[in-house]
Amino acid sequence: MNIHEYQAKELLAKFGVPVPAGYAALTVEEAVEASKKLPGPLYVVKSQIHAGGRGKGKFVELGPDAKGGVRLAWSEEDVRAAATDMLGNTLVTIQTGDAGKQVNRLYVTDGADIEKEFYLALLVNRATGRVSMVVSTEGGMDIEAVAHDTPEKIETFDIDPATGFMPHHGRAVANALGLEGDLAKQASSTASKLYDAFIGTDAEQIEINPLAVTKQGQLLVLDAKVAFDGNAMFRHKDLMELRDETEEDPAELEASKYDLAYIKLDGDIGCMVNGAGLAMATMDIIKLNGMFPANFLDVGGGATTEKVTAAFKIILSDPAVKGILVNIFGGIMKCDIIADGIVAAAKEVNLSVPLVVRLEGTNVEEGKRILSTSGLAIVPANDLGDAARKIVAEVQKAA
């Protein structure tokens, strides 16, 4: 689960992380009022969307010469102008895709007199089962270029969960950033507090870019991206309240209501499977046969007829879908349950695209019988290769 920058900073501040003052705004007037609460004379007006690259982004409604989604303002009039440009318009960044995201809220913060920018992130290292700190002296908007062109400028080290953050970790952060004296102490303290926030919120990612040193000798978190482990949110009801559903894909949001793992892709063949490994294999073999998957949808091991029906509706809500491939290996999941759901969904949505179904495993013969006696134009398949060839042929025939 992702949250907005202003929410991330408010959360990190509770753990003692140094962040500049700032206020969220939903309207132009609220943005102006927010600036009045800040000391000035420099303000920063930031678009709040769940995507990076906002500073270099462009507002499609404002033309090619429009400024980006992060702007400096030196007066209340500048704040008003920036807020007027941003709110309600679509910001396209390197992470949003061509469709962009509509800006519905802003964050007005106190400006900082920046001396140097750094990068600091905490991530889960799945290879070691530990939290990794990723540190670089090259902070700012081009960290991706640093990772690609000069990876030696990025240092990574793990923190053993048995010991947690120790003083030597703090010294490692300060050394990696080339900081000494009081700034080294600030870096160590900030890193420790970020680790506490990471563990305390069951985060998957905390990315600080930039972590800045001001000309006044203060270390400040000027931007923060925080994402949480969705599977742990039952322990954090307060964090669930931060969820902004308007930032999520409607189909993915609907899928989450039924505990379905769904991700929209750019292809034309919808996939319904059970198990992530089987899903990846199914998408690969569709591509091997010359077409592309329209989604990743895993109904899991305990799907009901209701969940399968919902899965079908979600797949068909994508107008790009020209055919559906169902690939189920029934272990805990029973093939007859899947078949009942397929038939119910196909009848309810008045299925008008080709449908190929491959079933194998528990109650497979009963599942096949349900499909064959349904009266629907369902194409059976014997194995995964056969299923992929058949759905591609059916879609091409219907084109």
Filtered residues of the stretch 137-165 (kept if in contact with a strand residue (DSSP E or B) (Cβ under 9 Å, 6 or more places away or on another chain), more than 14 Å from L122 (Cα to Cα) and not in a loop (DSSP other than H, G, I, E, B)): I143, V146, A147, K153
Filter result (more than 16 Å from G69 (Cβ to Cβ) and among the charged types (D, E, K, R)) within the stretch 99-130: D110, D113, E115, K116, E117, R126, R130
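Matching residues to (1) among the hydrophobic types (A, V, I, L, M, F, W, C); (2) crowded, with 20+ Cβ neighbours inside 10 Å; (3) over 26 Å from H236 (Cα atoms); (4) at pLDDT 95 or above:
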position	(1), (2), (3), (4)
E30	no, no, yes, yes
P39	no, no, yes, no
Q48	no, yes, no, yes
L62	yes, no, yes, no
D65	no, no, yes, no
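Residues checked against (1) basic (K, R); (2) touching a residue at least 24 places away in the same chain (Cβ under 8 Å):
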site	(1), (2)
L87	no, yes
D98	no, no
R105	yes, yes
F118	no, yes
L123	no, yes
Count - residues of the stretch 267-301 that are touching a helix residue (DSSP H, G or I) at 6+ places or on another chain (Cβ under 7 Å), part of a loop (DSSP other than H, G, I, E, B) and closer than 21 Å to G341 by Cβ: 1
Which listed residue, of A345, A381, A388, is in the same structural domain as E254 (by TED's automatic domain parsing), more than 31 Å from the chain's Cα centre (by Cα) and hydrophobic (A, V, I, L, M, F, W, C): A381
Qualifying residues in the stretch 269-302 (those that are in contact with a Gly (Cβ under 6 Å, 6 or more places away or on another chain) and hydrophobic (A, V, I, L, M, F, W, C)) - the one farthest from A388 (Cα to Cα): A294
Residues located in the stretch 318-342, provided they are modelled with pLDDT under 90, in contact with a strand residue (DSSP E or B) (Cβ under 8 Å, 6 or more places away or on another chain) and of a type in the set (A, V, I, L, M, F, W, C): I328, F329, M333, C335, I338, A339, I342
Flag if L91 is farther than 16 Å from L222 by Cβ, in contact with a strand residue (DSSP E or B) (Cβ under 6 Å, 6 or more places away or on another chain), in a strand (DSSP E or B) and assigned by TED's automatic domain parsing to the domain that holds F157: no
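For the stretch 107-128, how many residues are in a loop (DSSP other than H, G, I, E, B) and touching a Ser or Thr at 6+ places or on another chain (Cβ under 7 Å)?
2
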Search result, residues across the stretch 348-360 that are of a type outside the set (A, V, I, L, M, F, W, C), surrounded by fewer than 17 Cβ atoms within 10 Å (Cβ to Cβ) and either touching a helix residue (DSSP H, G or I) at 6+ places or on another chain (Cβ under 6 Å) or outside the structural domain of P319 (by TED's automatic domain parsing) (or both): none
When residues of the stretch 13-34 are limited to those that are assigned to a helix (DSSP H, G or I) and among the aliphatic types (A, V, I, L, M), the one nearest to the chain's Cα centre (by Cα): A13
Residue within the stretch 92-113 that is surrounded by fewer than 18 Cβ atoms within 10 Å (Cβ to Cβ), over 25 Å from T201 (Cβ atoms), of a type in the set (S, T, Y) and modelled with pLDDT under 90 present: no
Boolean, I328 is in the same structural domain as G270 (by TED's automatic domain parsing), surrounded by fewer than 18 Cβ atoms within 10 Å (Cβ to Cβ) and not in a helix (DSSP H, G or I): no
Residue within the stretch 166-176 that is at pLDDT 90 or above, in a loop (DSSP other than H, G, I, E, B) and farther than 21 Å from Q218 by Cβ present: yes
Positions within the stretch 228-252 being of a type outside the set (S, T, N, Q) and loosely packed, with under 15 Cβ neighbours inside 10 Å, in sequence order: G230, A232, F234, R235, K237, D238, M240, E241, E245, D249, P250
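The values are calculated or read from the model by the stated rules, or taken from the named source; none is laboratory data. This one's a predicted model, so the numbers in the text were calculated from it and none came from an experiment. All Cβ positions, even for glycine, are placed from backbone atoms using ideal geometry, and neighbour counts span all protein chains on display.
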